[in-house]
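Worksheet: the structure to be examined is printed underneath.
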Amino acid sequence: MIDKKTLIEERVNSGLLGQWYPVAKSVEIKNTVPYGAIVLGRKLVLWRDGAGQIKCIEDFCPHRGAPLSYGEVHEGNIGCRYHGVIVDGEGVVQRVPAMPECALEGRKALESFHATEHSDCVFVYMPSAEQPEPPELVMPKELESDEWTGFLCTSVWDCNYRYALDNLADPMHGCYLHSESFTLAFGSKQDLMELNKTGEGFRISRVGQVGANFDWTEFEVHPGNMFCYLDIPYPPAAGPGGNMRIVGFVLPVAERRCKVFFWRLRQVSGIERESWRFLYRAQLEQNHWHVLEQDRVMLEGMPDDARKREMLYQHDLGVSRIRQILTRAAKSQIEAETRVAAE
Ligand code: FES
Ligand SMILES: [Fe+2]
């Protein structure tokens, strides 16, 4: 039997249950072609029904297991490419066209998942024994406000999602890893870090400077999701709106793969809003991709078990905190599963 500590470690590695995760941009989910996604190692398929509502079920045909994501959307349901079986958004077999009066019709064969959209992004809820029903998906205030505008960018990184979270909880890497970038070349290269609790999470910040580089990150941890945000200082040449704010979510795809979702935002309205959007597309976007690539290459180059040999120092307060949060949540999930199994 696997001991509890190992179970907790495995749960942290594969990603917490009981969470809303971003899986795709809204525009990627269509009412014609299904979209295959992997979430916490599970293959899912998403599409839109006739009313534009997003449906999400296991990406597994109840007949013989073909990926439903290879099929097509028929009148709001999904049709398997292999032999044409039609399944609805609740995972119920609607029709078996090749076989009259087939007993499979009407059977609930697949698990279905709650899905919703916010700010051009599609989120799926992965239930846990503790929280089988989804809690509210709490979005960052910038994405709830008309005062901010921005762009969602996503990228797939071949590393465990924990590396992406650790990286976000580590502002000190900005002035080293990104030292040659347009926006992150400034400030001192030596500092101490401080960690402060906030109402919903924590803020990790450099003690010696604010607003010179990527100097702080704030994490918000809610019952059904977590995200972080940080500021990239902008010089006046970058136009109106002050700093660029990044809001970040991370999806654990599989053991060695994650998908990052970053909104790049500025607080601008009216004509300034349009000029920022234009400037961003025309000039700034490529700089940001360059910075993000530096993160990706670094994290993908780190061994999967780096944790076993690493030697943390004072700057890693944020990294330790985020790990502690994940471990506590995983422990509580494992305990709830044990309780449910014993009932
Ligand atoms: S495997 Fe899907 S219809 Fe046969
Ligand atoms: Fe970075």
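The values are calculated or read from the model by the stated rules, or taken from the named source; none is laboratory data. A quick note: this is a predicted structure, and the numbers were derived from the prediction, not measured. Ideal geometry is used to build each Cβ from the backbone, glycine not excepted, and the neighbour counts take in all protein chains shown. The protein model used for the area step is the full one, side chains on, heavy atoms only, and it has no ligands, DNA or RNA in it. Shrake-Rupley method; radii C 1.70, N 1.55, O 1.52, S 1.80 Å.
Counting only residues that are open to solvent by less than 30 Å² (accessible area, probe 1.4 Å) and either within 16 Å of ligand 2 (Cβ to nearest atom) or assigned to a helix (DSSP H, G or I) (or both), segment 61-90 holds 2 of them.
Looking for something under 19 Å from the mean Cα position of the chain (by Cα), within 16 Å of ligand 1 (Cβ to nearest atom), in a strand (DSSP E or B) and not charged (D, E, K, R) - is there at least one such residue anywhere in segment 51-60? Looking for residues that are under 19 Å from the mean Cα position of the chain (by Cα), within 16 Å of ligand 1 (Cβ to nearest atom), in a strand (DSSP E or B) and not charged (D, E, K, R), one finds at least one in segment 51-60, hence yes.
Regarding Val93, is this residue more than 17 Å from Thr32 (Cα to Cα), part of a strand (DSSP E or B) and more than 16 Å from ligand 2 (Cβ to nearest atom)?
Yes; evaluated as a whole, the condition is true for this residue.
For segment 91-140, a tally of residues being open to solvent by 50 Å² or more (accessible area, probe 1.4 Å) and at positive phi returns 3.
The single condition from (1) more than 23 Å from the chain's Cα centre (by Cα); (2) in a loop (DSSP other than H, G, I, E, B) that Phe214 fails is (1).
Only one of the listed residues (Val33, Val45) is modelled with pLDDT of 95 or more, touching a strand residue (DSSP E or B) at 6+ places or on another chain (Cβ under 9 Å) and surrounded by 15 or more Cβ atoms within 10 Å (Cβ to Cβ). That residue is Val45. Within segment 1-42, the set of residues being of a type outside the set (D, E, K, R), farther than 12 Å from Val253 by Cβ and part of a loop (DSSP other than H, G, I, E, B) comprises Met1, Ile2, Leu16, Leu17, Gly18, Ile29, Asn31, Thr32, Val33, Pro34.
Looking across segment 119-139, the residues that are under 13 Å from the mean Cα position of the chain (by Cα) and more than 30 Å from His63 (Cβ to Cβ) come down to Cys121, Leu137, Met139.
Scanning segment 122-147 for residues that are of a type in the set (Asp, Glu) and within 17 Å of Ser14 (Cβ to Cβ) returns a single hit, Glu130.
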